[in-house]
Amino acid sequence: MTGEQVFVSHAPGDLELVQELFSTVKNFPFGVHIALEEVESGRSRKRLEGRLANSDIVVAVLTDRASNSQWVNQETGYALAKGIPVLPLYDDEHHRGGFISDVEGVKIDRENPSVTIFNLLCRLRSELAPLGALSVPNWYIRFPCTIPNCDHPVTLAIERDQTKLWKLHRHGQLLSATCENCGSTYYFNPGTIGYVRREDSVR
C-alpha cells in the first residue's frame, strides 16, 4: 500500500475543515492532494486536473458550501466519467445526490472529529487496500525520530483491523512505535492515528 493517490474535492470555504479531517490521513504512505492547497501553492488548474486524473479515489466533501461550488460538481463529475471511485464525505444526507446518492460514504460529525477521521480511515483502508479473506492490510506511517542528532526513521505498523483499533481508542489504549536507534517511544491515538506523546529512552 504505497503510491496510491487521493484527491480531495471541496469548497474553498471548507478548507479549514478538510485540513483538520485529513491532518493524520496525510501521514500515510500515499499522496493526499487537497484541491485548494494545490491551487494556493501556485500550481495551475491544469496541473490540478492531472492530479485528479491520476487519482485512485476522489473524496468529495459535501457541505452547504459545496452544493454551490462549481469546482466540486465538476471534479466529482470528471472522476465519475473517468471511472475513478468517489467517496462522499458529507454533512447531511441531502448533500448526496445524483450518481453518488447510493455510494457508501462518511458522515461528518463536527462535534466529534475523531469519529469522522476514524470512519474516513475505514473507508480509505477498504478502498485502497481491500481486506483479504485471511489477512489485514499492513498500513503504516513512517517519520524521522525527533530526538536531537538522531533523525532515524521510525515506523508505526498498523496491523489491527479498524474494529480493534476503535476498541483500543474507547478503552484509552495507545499504539506505539520505538526508534531502533535511540530507544525513544512514540504513542498514537488508535482511532485517528494522531500523535499523542514521546517518551525518551532512559540510559
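The values are calculated or read from the model by the stated rules, or taken from the named source; none is laboratory data. Bear in mind the structure is a predicted one, so any value in this text is a computation, not a measurement. A quick note on method: Cβ atoms are made from the backbone with ideal geometry, for glycine too, and the neighbour counts reach across all protein chains shown. Calculation scope for accessible area: heavy atoms of the full protein, side chains included, ligands and nucleic acids excluded. Shrake-Rupley method; radii C 1.70, N 1.55, O 1.52, S 1.80 Å.
Miscellaneous remarks
- Taken as a whole, the condition of being outside any loop (DSSP other than H, G, I, E, B), modelled with pLDDT under 95 and open to solvent by less than 30 Å² (accessible area, probe 1.4 Å) applies to F118.
- Enumerated helices (runs of 4 or more DSSP H) restricted to segment 1-58, each holding at least 3 residues that are at pLDDT below 90: 35-40, 45-53
- Residue match in segment 181-198 (condition: modelled with pLDDT under 90, open to solvent by less than 40 Å² (accessible area, probe 1.4 Å) and outside any loop (DSSP other than H, G, I, E, B)): no
- Condition check for I147: surrounded by 14 or more Cβ atoms within 10 Å (Cβ to Cβ) and either modelled with pLDDT under 85 or not in a helix (DSSP H, G or I) (or both): yes
- For first residues located in segment 150-174 and in contact (Cβ under 8 Å) with a residue 24 or more places away in the chain and farther than 17 Å from V115 by Cβ, partners that are hydrophobic (A, V, I, L, M, F, W, C) and in a helix (DSSP H, G or I) and lie 6+ apart or on another chain with Cβ distances below 9 Å form the pairs I158/L165; R160/L168.
- Of residues in segment 121-131 being of a type outside the set (A, V, I, L, M) and either out of contact with any Gly (no Cβ under 8 Å at 6 or more places or on another chain) or open to solvent by 40 Å² or more (accessible area, probe 1.4 Å) (or both), the one modelled with the highest pLDDT: C122
- Residue match in segment 80-97 (condition: over 30 Å from N189 (Cβ atoms), modelled with pLDDT of 90 or more and not in a loop (DSSP other than H, G, I, E, B)): yes
- So G105, is it of a type in the set (G, A, S) and buried (at least 17 other Cβ atoms within 10 Å of the Cβ): yes
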